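Single-structure report; data block below.
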Amino acid sequence: MTPTAASSPGSHPGSPAGPSVGPSVSPFAGTSRLNAARRTFELEALADDPHIDLLVIGGGVTGAGAALDAASRGLRTVLVEARDLAFGTSRWSSKLVHGGLRYLASGRVKVARESAVERGVLMTRTAPHLVRALPQLVPLIPDLLRPGQASLIRAGFHAGDALRLGAGTPGALLPRVRRVDAARTRRLVPGVRTAGLRGALVAHDGQLVDDARLVVALARTAAQYGASVLTRVRAESVTGTSARLVDTLTGQTLTVTAGAVINATGVWAGEVDTSIKLRPSRGAHLLVDAATLGHPTAALTVPVPGSTSRFVFALPQQLGRVAIGLTDEDAPGPIPDEPQPTEAELTFLLDTVNAALATELTRQDVCGAYAGLRPLIDTGGGNTADISREHAVLESPSGVVTVVGGKLTTYRRMAEDAVDAAVRLRGLPARTCWTARLPLVGAPGHRDSRPAPASPVPASLLARHGGAAHEVLAAGELAPVADDLDVTRAEIAYAVTHEGALDTADVLDRRTRIGLVKADAERARKAVEEIVAEAASEIAPQ
């Protein structure tokens, strides 16, 4: 077999139509479909020709972004992920695409400016179908704010608006800061405390419908540009020019040689490159039913007592939930597959948000909780909240290029810098980066995107899939997978046939977020298992 064709080096890099592919050597060439059949084909092709331009290790947002960046520049690219796409930190975020206001407050102007620019890229060009403007509301309640704090918050919001202007993001997309009265405050967040309420300050930021869905869109778009995206494949004995790859499903191994290797494994980066020293920070969230807060349409933003730059947020989410977060705590020791919030963190979140609520939340209201680990660079002592969120691209003694630090909003710039470093250090024959204007699968301008179908389609499906909704509709039935869950059976099948899900856990925990609430997952599990099995049996190379 011959390897999957990469995008032609002669193709026009600004074309939204995707790569120019020569004679079809793969049934998947030029398509964004990820599934078990494609995985098998591309592993066989790699065994036949194990010489590639770039190996990317890690299937989170940065690794998927790097694979897309490299493949769209014309490099023969392979992405390997030991588990599943978005298995690690990239699915445990607050889902915010934010302009870096917190970093501005602490004097980190570079990070704040970069965040605002990358937020604008996501919201206007690369993934506007996955990001919406979210009002962020700070209630003006005297005993909630220290003297002068409201003025400081207002000044910060105006500084954030200046960042928006500097990034070129239109005010029609992210409205300017304003003050609203008490009645409007209660309409935005019905559960807000009314005693002493004098209105609220409202600013706007970006919010992803789902962080894991962004990772999948990046990986699929990378595949469309010729990258091989291989999950359940572990990289061992990694050097700057080679790695042994282990198919964890079959145990088979192969050794690839590469022009360059990028380590984008996040908090596991030190396991690939032992010269990297990280200091992981845990950010925890708890989930409550949106009804307990009156189905808010804005994020309730509550200042953390004693801090000028930290807040606890109550963020409306898909599937009728509100996520309350987040913490910033040291997380030393071995890296768990699925970090868990501590009791102290849950207590802190409840106590902080309750100060702004009319009816206090209790542990009985908590229907789920999750935590993620930030891959921060170890800079010595101090609190993790004080460690810079700037990313770094480092070359190990063995030649591996590692990208660490940063945050979800700036993934694209992190990927660009990592690929630039690999190209420069190894002399790879690549074009310049153009991912800032490359629409992802489902985004307007992507060659496979279509307008919203004329027939009635659940708004939740459109929000999660955008211009790819027509493909989802063709995959199965629009009936919900379980009562009171606005995830359709078609989306479950589509996850298997187009989005690289290999088993039920991939679907419940990452292609959908049903698994965030254990009770939801149990209600949906049987139907999901049946749909996954049926869809998997129908997959065959086309």
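The values are calculated or read from the model by the stated rules, or taken from the named source; none is laboratory data. Everything numeric in this text was worked out from a predicted model, so none of it was measured. Note that each Cβ is placed from the backbone with ideal geometry, even for glycine, and that neighbours are counted across all protein chains shown. Calculation scope for accessible area: heavy atoms of the full protein, side chains included, ligands and nucleic acids excluded. Shrake-Rupley method; radii C 1.70, N 1.55, O 1.52, S 1.80 Å.
General observations
- Using a simple spin-label model with pseudo-atoms 7 Å out from Cα toward Cβ, His51 and Arg178 lie 6.3 nm apart.
- Dipole moment magnitude, nearest 20 debye, segment 246-313 about Cα centre, only Lys, Arg, Asp, Glu C-beta charged: 340
- Along segment 270-287 the Karplus relation, 6.51 cos²θ - 1.76 cosθ + 1.60 evaluated at θ = phi - 60°, assigns HN-Hα couplings of x, 6, 8, 10, 5, 7, 7, 10, 10, 10, x, 10, 9, x, 10, 9, 10, 10 Hz to successive residues, with x for each Gly and Pro.
- Rounded to the nearest whole Hz, the Karplus-based 3J(HN,Hα) values (6.51 cos²θ - 1.76 cosθ + 1.60, θ = phi - 60°) of segment 110-116 follow the sequence 4, 5, 4, 5, 4, 4, 5, with x at glycine and proline.
- Inter-site label distance for His158 and Thr359 at 7 Å from Cα along Cβ, in nm: 3.9
- The chain - accessible surface per residue (Å², probe 1.4 Å): 37
- Stretch gain in nm, segment Ala459-Ala519, where the contour uses 0.36 nm per residue and the Cα spacing is subtracted: 19.2 nm
- Cα gyration tensor shape for segment 93-241, rounded if a/c is under 1.5, else prolate or oblate: prolate
- Theoretical gain in end-to-end length, Thr274 to Asp337 [0.36 nm per residue, Cα-Cα removed]: 20.8 nm
- On the basis of the beta-carbon distance and an R0 of 22 Å, Asp351 and Ala291 show a calculated FRET efficiency of 0.55.
- Carbon + sulfur, % of accessible area of segment 421-473 - ligands and nucleic acids excluded, 1.4 Å: 61
- Rounded percent of accessible protein surface that carbon and sulfur make up, segment 126-255, 1.4 Å probe: 53
- Placing unit charges on the Cβ atoms only, positive for Lys and Arg and negative for Asp and Glu, gives the chain a dipole magnitude near 2020 debye about its Cα centre.
- Based on DSSP H segments of at least four residues, each scored -39500 (n - 2.57), the chain has a per-residue ellipticity at 222 nm of -9000 deg cm²/dmol.
- Tilt relative to the chain, helix 343-354 - C-alpha long axis, 0 to 90 degrees, to 10: 50
- Note on His470 and Arg424: their simple-model spin labels are 4.3 nm apart, each label 7 Å out from Cα toward Cβ.
- Degrees separating the helix 149-167 axis from the principal Cα axis of the chain, which is the longest one: 30
- Whichever lysines have a C-alpha closer than 29 Å to that of Lys518, once near sequence neighbours (fewer than 8 apart) are set aside: Lys95, Lys407, Lys526
- Vicinal HN-Hα couplings computed from phi for segment 447-457 (Karplus, 6.51 cos²θ - 1.76 cosθ + 1.60; Hz; Gly/Pro x): 5, 9, 6, 10, x, 4, x, 5, 6, x, 10
- Per-atom-type breakdown for segment 310-355 gives carbon and sulfur 57% of the accessible area (1.4 Å probe, protein chains only).
- Principal-axis tilt of helix 411-426 within the chain, Cα atoms, nearest 10 degrees: 40
- Extension gain, Ala452 back to Ala479 (0.36 nm per residue minus Cα-Cα distance, nm): 7.9 nm
- Farthest toward positive dipole pole in the chain [+1 Lys/Arg, -1 Asp/Glu at C-beta], among Leu315, Tyr103, Val246: Tyr103
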